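Asks: Below you'll find the structure I mean.
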Amino acid sequence: MIQPNHQLSPDRYFDPDPTVRRIARELYETVATLPLVCPHGHVDPRLLADEDATLGSPADLFILPDHYVLRMLYSQGIAMEAMGIAPLDGGLAETDHRKIWQLFADHFYLFRATPTGLWINDELQTIFGLTEPLNGKTAQPIYDQIADRLAAPEFRPRRLFEQFNVEVLCTTDAATDTLAHHQAIHASGWDGNILPTFRPDNLINLDSANWAQNIATLGDVSGIDVHNYVSFVQALEQRRAFFKQMGAVATDHGAQTPYTGELAPQAAETIFQQALSGAISADDAARFTGHMLIEMARMSIEDGLVMQLHPGSLRNHNARFITRFGRDRGDDIPVQTEYTRNLQPLLSKYGNDPRLTLILFTLDETTYSRELAPLAGHYPSLKLGPPWWFFDSYNGMQRFFEGVMETAGLYNTAGFNDDTRAFASIPARHDLWRRASANWLAGLVARHIVRAEDAGEMILDLAYRLPKRAYRLE
Amino acid sequence: MIQPNHQLSPDRYFDPDPTVRRIARELYETVATLPLVCPHGHVDPRLLADEDATLGSPADLFILPDHYVLRMLYSQGIAMEAMGIAPLDGGLAETDHRKIWQLFADHFYLFRATPTGLWINDELQTIFGLTEPLNGKTAQPIYDQIADRLAAPEFRPRRLFEQFNVEVLCTTDAATDTLAHHQAIHASGWDGNILPTFRPDNLINLDSANWAQNIATLGDVSGIDVHNYVSFVQALEQRRAFFKQMGAVATDHGAQTPYTGELAPQAAETIFQQALSGAISADDAARFTGHMLIEMARMSIEDGLVMQLHPGSLRNHNARFITRFGRDRGDDIPVQTEYTRNLQPLLSKYGNDPRLTLILFTLDETTYSRELAPLAGHYPSLKLGPPWWFFDSYNGMQRFFEGVMETAGLYNTAGFNDDTRAFASIPARHDLWRRASANWLAGLVARHIVRAEDAGEMILDLAYRLPKRAYRLE
Amino acid sequence: MIQPNHQLSPDRYFDPDPTVRRIARELYETVATLPLVCPHGHVDPRLLADEDATLGSPADLFILPDHYVLRMLYSQGIAMEAMGIAPLDGGLAETDHRKIWQLFADHFYLFRATPTGLWINDELQTIFGLTEPLNGKTAQPIYDQIADRLAAPEFRPRRLFEQFNVEVLCTTDAATDTLAHHQAIHASGWDGNILPTFRPDNLINLDSANWAQNIATLGDVSGIDVHNYVSFVQALEQRRAFFKQMGAVATDHGAQTPYTGELAPQAAETIFQQALSGAISADDAARFTGHMLIEMARMSIEDGLVMQLHPGSLRNHNARFITRFGRDRGDDIPVQTEYTRNLQPLLSKYGNDPRLTLILFTLDETTYSRELAPLAGHYPSLKLGPPWWFFDSYNGMQRFFEGVMETAGLYNTAGFNDDTRAFASIPARHDLWRRASANWLAGLVARHIVRAEDAGEMILDLAYRLPKRAYRLE
């Protein structure tokens, strides 16, 4: 009969075929304990700026900040308030973290076969030493055990960072950020390698919420009076220089589409003035963003910051939900995305320049084999980021390997990044990637598509060397 | 050497890996004989209204009503007339069912590796006890054996329904249908659970063929004089109430796109009046349908009928073919479909209301991971129907499991429905789904992604519990 | 431990599962040495017209003409000049083929897990008897060994053609080509079966580079004064007749989209006159091409030439690169492609006529299951070509089998064609297809989806019979 298996298997995620499994295990073992390279993510630097910061309660750690968890529970009819998320109108929300945890544990079966379920099971066992399955019955004892451990000094974020063997962790920071937490980390003398990343979305997207205020802040932090397009560009260059001085290796750009297109200086100025006057059309805002992405490529060629672009999400899909709970609560939904034509202006102008590294992400997997792999297999400046967001998953990785690698070639990809704000999930995410990578390579070796000695190099590339090279962290 | 295998294997559709196969078999055996839940399909209720109805000849059963069979033979240059389909112009068609059967058997090799081939082989063996492969040589003896059995009392549709162990069968019925066959079934005292489903396409699509006549019929059957938008809505509500009283649990909506968008009452009235006057533009018809889908969601919240939506088919692609043989003869071809933006108006308004269950289908598999799974993983009202039509197949199911489950979660899906008009194929279709489900889960267990005890629950969900829950049949 | 494996395995590309592998091997062995049918490709007929032609140096054979090789090296920052490609401005390029070969070998690791890597490894071993892996250290000895063999008489193209066991090889030739090389082959008395293919793109696409000159050439070679639409059509018909007389069995059409739409004769004439006067809009050119595709289908019905259509590539994406090195240097990038609506005019008119065979290719894999398989499963005239270009690969073939076969049926596909200009890669490409086909079928047999005896027929179809039937080469 089928037996329950409560402990993480050392062969988890590997194909059951004995030949593939044996090769996968051998490949995986060569990289299992390599340092973690985390060139893109959303960990709050505050956690690491304060030596005495803690991770809070089990609900603080696993539920409240994790959109993946909240969205799944919400999709099954559980009220946000019951999960501790208060509505904007001042309505009440559950504040007892034990009750929130119980609700989560009662419904943990919803996460069967999902990446969130895999990560959480991995964290419970690997970080907290818990092998009992989480469910309604085990909820409270497990809460106690996690809470106990979180209170211990070795569970302070800096200690976990060291225990996780993170070699470098890049955060994502608004272009107007003073990087006070990064400065505090530097000043503290702690040697954890935490780097900022320059994200100017809410400046270059002229129809961002609070754009005028963001421009005012940009003026304040840069010391440049941003009154026209030229001074706007100067201020951005000033911030990039500051970020670089603070250790940044990359910029990061979200956009609904990857549209790029150059504007004449006067056209850019006209649109910018309209934005300053508060009268900007959606169309002009999109044209300006498309122009600024090309400008950002130019600046990257000049200052060497790697440029990341991840389009394709329609933000804030659910109007009633947003009105009640605010933005960015798990209702961003992907849309079809076109890269070949949209990126042509940028790539034709700067894509042949090896000083530029442009790393692309997608939420539209149809573009892997049709557009992204052919583009990356031609343009020297282009590299493909790992399967992103919903595709940071076992099947998502398989589809990425199978859809991208034959045409782009492994060496036009950028390895893994965890893209997480859930600090404690970092090792589980990298482990899933390393196991999936080893398993993919093992399948190629078993089919005699790749030589075993080559696979031994490729697993090192996937697990460690590619992101260091792509993000210029070597 | 390779040996021919004429008998259905008990391990059919399972992965050949011994570990996966063993687990798949164990999981499958727990659900193999569970009752069949059939919440969406096109079986003619007349078959079950008349105690003495028969299934006709082997050609009546397997060929003449099955578009899957006709289209494949036609695609290989076989004339529709030779398959017994007469042209509209009064031309002749073959009437000898033995000759039609022979033609089919001669070309049965065309169905190798297709779902139609698998279903027919399963039916021949499981229902008719035939293990010889069907081909030109075996055609006539097999015809005789099937014809013999079809003449026997135990092959009457009601007896097969009982033998198939169908717990509930929902038909699909025009909103204007009097449900006479359903009434006859009730009146007969037979306890087979046959439920109607409310399908108003040819009323809410203002450019339907014979729309004016359909509106007249709506007035007749509802007793409401349909002369404007308000009375139109009232008449629809009356019909929904009647269908519900007759046991309906769901409505069903086909549409070329999933466009939704609310119209102001006056705008709806204006368009409706234009339709009544016979002057409706394609654009206004589409806007009206998009408005009525939102209205249907409102009514579902009020009356509790589950709402099904399956867009994406361009009907009647082949103009010459339609002119010759009429509509709906197997030339509907899918088109690219966009859900994220199209459904936003409906979902933003009603998608947070747990009283609404909206079950979505697609013919565009690119939307599984990009749009449908993210939407279903957020909105409480949304569930995803099974792989539909051409994707009701071994590979179609695998792509569905792999593309949907990680992001939507199993519990935001609605299990299987056979969607068939081929009554005798129902068990074969559910068996393929149950085997494919068991095989998917076995792969997850063997990879240590899902615990064995969880897989034991999940197979029950996939085979039986999810459709009962989604369609409120509990 | 993992052992290096430098020799091609006899089980390469087969699944590691022992059951699948055994069946795959048995199936493969029945077709491994069948003659190669090559109905679509770009081998230069000059190679075979001259009995004494040679394949040149190792760099001439493997690097200089192969866009797959050049693009991958360029994408990693290697200058085209270093690979021997001179810029148009008269700049210098490397001319020492040993140095170019060394550069290639130094970077051969970039081709790990790519089809180009597989083909080259296969050629090195199968044609040249080399089992050492190619890398920077082995580059020069391998160069010597290849160069030695290329100098031998048995490595003349005609001898290789015979050794490769090519039954028929179709080239691709401009509609205005005099087919002088084909005439020379005929005149030589050599019995290699080399057939031309009629490709009129640069005549029917009115905005082709040098269109006016092409029309002048058309007039010269056809002997028809092409001064209006009617004489244009006559001249095309004349060329088709000439190609057919020279053995052609097919026409070939590239287009950015598969748009078709009929023009009234006067509208066609008006557009054609505009083109003659040098004033043609992109929109009118597209309409004219869409009209001419329907005309080409009409001519195919009349003269029996099979019609091939492969849309979906945005040619010459990289403006700076083209300016420097000219067109067609590996920067064509696929775009999303729509078939259902675009082909409706052509198919509704001629798709029911079995005298027409239209073979479709795609670079947009999303259309396999959504559009192409449903269309091919209905229209008698339609067949699907094999996975094309970037998808002529191990994973590309798997996705093709899994996405197409269930709905289209095997017998609505056209088998394999290598579509190569790299003459020496022909056997390796067919071998990959035959192995992938055997492996797909073995998986179906092992899952009891296809009977073993049926698989024995299907492998013959895939490897040999389908292309002969589809291209009317029987």
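The values are calculated or read from the model by the stated rules, or taken from the named source; none is laboratory data. Please read these numbers as outputs of a predicted model, since none were measured by experiment. All Cβ positions, glycine included, derive from the backbone under ideal geometry; neighbour counts span all protein chains shown.
Asks: Would you point out which residue out of A:32, A:59 is among the small types (Gly, Ala, Ser), farther than 21 Å from residue A:113 by Cα and in contact with a Gly (Cβ under 8 Å, 6 or more places away or on another chain)?
Replies: A:59
Asks: Which of (1) at pLDDT 95 or above; (2) touching a Cys at 6+ places or on another chain (Cβ under 9 Å); (3) not hydroxyl-bearing (Ser, Thr, Tyr) does residue B:418 not meet, given it meets every other one?
Replies: For residue B:418, the failing item is (1).
Asks: I would also like to ask the following. Against the conditions (1) under 27 Å from residue A:39 (Cα atoms); (2) hydrophobic (A, V, I, L, M, F, W, C); (3) surrounded by 21 or more Cβ atoms within 10 Å (Cβ to Cβ); (4) out of contact with any His (no Cβ under 8 Å at 6 or more places or on another chain), where does residue A:194 fall short? Just the number, please.
Replies: Only one criterion in (1) under 27 Å from residue A:39 (Cα atoms); (2) hydrophobic (A, V, I, L, M, F, W, C); (3) surrounded by 21 or more Cβ atoms within 10 Å (Cβ to Cβ); (4) out of contact with any His (no Cβ under 8 Å at 6 or more places or on another chain) is unmet by residue A:194, namely (4).
Asks: Okay, next question. All but one of (1) in contact (Cβ under 8 Å) with a residue 40 or more places away in the chain; (2) under 19 Å from residue C:393 (Cβ atoms) hold for residue A:375, so report the exception by its number.
Replies: (1)
Asks: Another question about this same structure. Only helices (runs of 4 or more DSSP H) wholly contained in region B:1-73 count here; list those with 3 or more residues that are in contact with a His (Cβ under 9 Å, 6 or more places away or on another chain) and at pLDDT 95 or above.
Replies: B:46-49, B:58-62
Asks: With modelled with pLDDT of 95 or more, touching a strand residue (DSSP E or B) at 6+ places or on another chain (Cβ under 6 Å) and of a type in the set (Asp, Glu) as the only criterion, which of A:123, A:167 stands out?
Replies: One residue alone meets the criteria, A:167.
Asks: What residue, among those in region B:66-78 that are within 27 Å of the chain's Cα centre (by Cα) and surrounded by fewer than 19 Cβ atoms within 10 Å (Cβ to Cβ), is nearest to the other protein chains (Cβ to nearest Cβ)?
Replies: B:76
Asks: Okay, next question. Checking residue C:134 against (1) out of contact with any Asp or Glu (no Cβ under 7 Å at 6 or more places or on another chain); (2) part of a helix (DSSP H, G or I): exactly one of these is not met. Which one?
Replies: Among (1) out of contact with any Asp or Glu (no Cβ under 7 Å at 6 or more places or on another chain); (2) part of a helix (DSSP H, G or I), residue C:134 violates only (2).
Asks: Additional query: Output the number of the condition that residue C:364 fails; it satisfies all remaining conditions of (1) within 12 Å of chain A (Cβ to nearest Cβ); (2) charged (D, E, K, R); (3) closer than 29 Å to residue C:212 by Cα; (4) not in a helix (DSSP H, G or I).
Replies: With (1) within 12 Å of chain A (Cβ to nearest Cβ); (2) charged (D, E, K, R); (3) closer than 29 Å to residue C:212 by Cα; (4) not in a helix (DSSP H, G or I) applied to residue C:364, the lone miss is (3).
Asks: Look at residue A:420 and say whether it is more than 29 Å from residue C:12 (Cα to Cα), in contact with a strand residue (DSSP E or B) (Cβ under 6 Å, 6 or more places away or on another chain), more than 10 Å from every other protein chain (Cβ to nearest Cβ) and not small (Gly, Ala, Ser).
Replies: No, not satisfied.
Asks: Does region C:154-167 contain at least one residue that is out of contact with any Ser or Thr (no Cβ under 8 Å at 6 or more places or on another chain), among the acidic types (Asp, Glu), assigned to a helix (DSSP H, G or I) and surrounded by fewer than 21 Cβ atoms within 10 Å (Cβ to Cβ)?
Replies: Looking through region C:154-167, at least one residue is out of contact with any Ser or Thr (no Cβ under 8 Å at 6 or more places or on another chain), among the acidic types (Asp, Glu), assigned to a helix (DSSP H, G or I) and surrounded by fewer than 21 Cβ atoms within 10 Å (Cβ to Cβ).
Asks: What residue, among those in region C:306-352 that are of a type in the set (Asp, Glu) and under 13 Å from residue A:374 (Cβ atoms), is surrounded by the fewest Cβ atoms within 10 Å (Cβ to Cβ)?
Replies: Only one residue fits best here, namely C:332.
Asks: Which numbered condition trips up residue B:97, out of (1) in contact with a His (Cβ under 6 Å, 6 or more places away or on another chain); (2) modelled with pLDDT of 95 or more?
Replies: (1)
Asks: Can you tell me which residues in region C:125-153 are within 13 Å of another protein chain (Cβ to nearest Cβ) and either touching a residue at least 60 places away in the same chain (Cβ under 8 Å) or within 26 Å of the chain's Cα centre (by Cα) (or both)?
Replies: C:125, C:131, C:132, C:133
Asks: Another one. Can you name the condition, by its number, that residue B:55 falls short on among (1) surrounded by 15 or more Cβ atoms within 10 Å (Cβ to Cβ); (2) within 30 Å of residue B:437 (Cα to Cα)?
Replies: Tallying (1) surrounded by 15 or more Cβ atoms within 10 Å (Cβ to Cβ); (2) within 30 Å of residue B:437 (Cα to Cα), residue B:55 fails exactly one: (2).
Asks: Being under 21 Å from residue C:308 (Cβ atoms), of a type outside the set (A, V, I, L, M), in the same structural domain as residue C:396 (by TED's automatic domain parsing) and in a helix (DSSP H, G or I) is true for just one of C:433, C:440. Which residue is that?
Replies: Of C:433, C:440, the one residue that is under 21 Å from residue C:308 (Cβ atoms), of a type outside the set (A, V, I, L, M), in the same structural domain as residue C:396 (by TED's automatic domain parsing) and in a helix (DSSP H, G or I) is C:433.
Asks: Look through A:216, A:212 and report the one residue that is outside any loop (DSSP other than H, G, I, E, B), among the hydrophobic types (A, V, I, L, M, F, W, C), surrounded by fewer than 16 Cβ atoms within 10 Å (Cβ to Cβ) and touching a residue at least 40 places away in the same chain (Cβ under 8 Å).
Replies: A:212
Asks: So is residue C:348 more than 11 Å from chain A (Cβ to nearest Cβ), without any contact (Cβ under 8 Å) to a residue 24 or more places away in the chain and in a helix (DSSP H, G or I) or not?
Replies: yes
Asks: Answer yes or no as to whether residue B:399 is charged (D, E, K, R), at the interface with chain A (Cβ under 9 Å from one of its Cβ atoms) and in a helix (DSSP H, G or I).
Replies: no
Asks: Right, next: How many residues are more than 9 Å from chain C (Cβ to nearest Cβ), in contact with a Leu (Cβ under 7 Å, 6 or more places away or on another chain) and β-branched (Val, Ile, Thr) when one looks only at region B:291-336?
Replies: 2
Asks: Kindly establish whether residue C:392 is at the interface with another protein chain (Cβ under 10 Å from one of its Cβ atoms), closer than 16 Å to residue C:314 by Cβ and within 18 Å of the chain's Cα centre (by Cα).
Replies: The answer is no for residue C:392.
Asks: Can you go through C:113, C:105 and tell me which one is crowded, with 18+ Cβ neighbours inside 10 Å and more than 24 Å from the chain's Cα centre (by Cα)?
Replies: Sole residue among the options that is crowded, with 18+ Cβ neighbours inside 10 Å and more than 24 Å from the chain's Cα centre (by Cα): C:105.
Asks: Right, next: Any idea which of C:261, C:254, C:290 is in the same structural domain as residue C:376 (by TED's automatic domain parsing), within 28 Å of residue C:370 (Cβ to Cβ), surrounded by fewer than 19 Cβ atoms within 10 Å (Cβ to Cβ) and touching a Gly at 6+ places or on another chain (Cβ under 6 Å)?
Replies: C:261
Asks: Tally time: how many residues in region A:321-342 are charged (D, E, K, R) and at pLDDT 90 or above?
Replies: 4
Asks: Kindly indicate which of B:206, B:236 is in a loop (DSSP other than H, G, I, E, B) and either touching a residue at least 12 places away in the same chain (Cβ under 8 Å) or over 30 Å from residue B:263 (Cα atoms) (or both).
Replies: From the options B:206, B:236, the qualifying one is B:206.
Asks: Same structure, new question: Just give me the residues in region C:79-96 being in a helix (DSSP H, G or I) and buried (at least 19 other Cβ atoms within 10 Å of the Cβ), in sequence order.
Replies: Hit for region C:79-96 is C:83, nothing else.
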